[in-house]
Amino acid sequence: MSYTGDVTAGGPPAVRELDRLTVTKLSVGPMDNNAYLLRCKGTGEQVLVDAANEAPRLLDLIGDGGLAAVVTTHRHMDHWVALEEVVAKTGARALVHADDAEGLPIEAERLADGDTVPVGDCAMEVIHVRGHTPGSIALLYRDPAGTPHLFTGDSLFPGGVGNTDQDPERFGRLIDDVEQKLFDRLPDETWFYPGHGKDSTLGAERPSLPQWRARGW
């Protein structure tokens, strides 16, 4: 079956086969968080984006292939409940943006805007997207054989940007960063994978940017 990105908490994962990378999306409860396991086809190295919850399911997904790193997209607890157990049982590096490092339950290596997170022979660019939290990040994989792929955490969803608690300053930072660092840099065919719910493309969401800015959320 072709990949749609539609997953449900407790349900099976969705698997997307790219030329050099396999993307496996799993929804974990109780808040329908998405966790993404990335596997380099050339080396077998694996990286997990958001050890959100249900450590046994995540460890089963990781399997015997080992885990090089866990990248936490931001410091909100629903995105790291399983982090400590997954790291303890796999020996993976924990990675997070420096501005959100204090919010994690374990010590993690600090990331900065423009850093690269390797996944075997592949690489993801760290993009600092402020607003939802001070250290929220998106991760960009530029598929040399296809379209860009973007893991957005809770900064960008189909239908709008992430929650900023009705704070106009935080919303301004978030909508500016999303527009300037994501939409202005990347083409319409860029597929993005959010921290909750369904995927989308930048092209599908681009016409709504003025509406999002005008409504303030």
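The values are calculated or read from the model by the stated rules, or taken from the named source; none is laboratory data. Everything numeric here is computed off the predicted structure, so don't read it as measured data. Methodologically, a virtual Cβ is constructed for each residue, glycine included, from the backbone with ideal geometry; neighbour enumeration extends over all protein chains shown.
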Item checked: Residue selected from region 190-209 under the condition out of contact with any strand residue (DSSP E or B) (no Cβ under 6 Å at 6 or more places or on another chain) and of a type in the set (D, E, K, R), by the criterion nearest to T22 (Cα to Cα) -> K198
Note to self: Looking at region 126-140, can you tell me whether even one residue there is over 26 Å from M31 (Cβ atoms), crowded, with 19+ Cβ neighbours inside 10 Å and not hydroxyl-bearing (S, T, Y)?
What the structure shows: no
Next item on the list: Would you mind stating whether K41 is within 14 Å of the chain's Cα centre (by Cα) and at pLDDT 95 or above?
Entry: no
Notebook entry, point to check: How about region 164-217: which of its residues are assigned to a helix (DSSP H, G or I), touching a residue at least 24 places away in the same chain (Cβ under 8 Å) and exposed (fewer than 14 other Cβ atoms within 10 Å of the Cβ)?
Noted result: P168, S208
Notebook entry, point to check: In region 120-138, which residues are closer than 18 Å to L67 by Cα and in contact with a Leu (Cβ under 7 Å, 6 or more places away or on another chain)?
Noted result: C122, M124
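Matching residues to (1) without any contact (Cβ under 8 Å) to a residue 60 or more places away in the chain; (2) within 19 Å of V119 (Cβ to Cβ):
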residue: A14; (1), (2): yes, yes
residue: V23; (1), (2): no, yes
residue: L38; (1), (2): no, yes
residue: V47; (1), (2): no, yes
residue: E54; (1), (2): yes, no
residue: L58; (1), (2): yes, yes
Next item on the list: Report the residue count in region 114-155 for those that are of a type in the set (S, T, Y), under 17 Å from E17 (Cβ atoms) and in a strand (DSSP E or B).
Entry: 1
